[in-house]
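Trainee: Starting off with a structure, shown below.
The values are calculated or read from the model by the stated rules, or taken from the named source; none is laboratory data. Given the structure is predicted, the values throughout are model-derived calculations rather than measurements. Here the Cβ positions follow ideal geometry from the backbone for every residue, glycine too, while neighbour counts run over all protein chains shown.
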Amino acid sequence: MAVADVVEAMTSHRPYRAALAIDHALAEIEQGRGTLYDPVVVDACLKLFREKAYAIPA
């Protein structure tokens, strides 16, 4: 759940900041892979976005 929450939170507009690009969110979870986030979950998330062209519904 943490990985999905980070990606969703970073790519969503907030009153105090604009939404960040999906590339920034994916870079964040990739950087934290194995320390902050489960590597298997990170790999699955990256595969969904990069290989399967998943996009967060608007």
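Trainee: Going by the structure shown, is residue 25 surrounded by 13 or more Cβ atoms within 10 Å (Cβ to Cβ) and part of a loop (DSSP other than H, G, I, E, B)?
Mentor: no
Trainee: Considering the range 6-20 alone, what residues qualify as being part of a loop (DSSP other than H, G, I, E, B) and surrounded by 11 or more Cβ atoms within 10 Å (Cβ to Cβ)?
Mentor: 12, 19, 20
Trainee: Filter the range 21-42 down to the residues that are within 11 Å of the chain's Cα centre (by Cα) and either among the acidic types (Asp, Glu) or at pLDDT below 95 (or both) and list them by number.
Mentor: If the condition is that a residue be within 11 Å of the chain's Cα centre (by Cα) and either among the acidic types (Asp, Glu) or at pLDDT below 95 (or both), then 23, 28, 30 are the ones that fit.
Trainee: Can you give me the number of residues within the range 37-58 that are surrounded by 11 or more Cβ atoms within 10 Å (Cβ to Cβ), part of a loop (DSSP other than H, G, I, E, B) and without any contact (Cβ under 8 Å) to a residue 12 or more places away in the chain?
Mentor: 1
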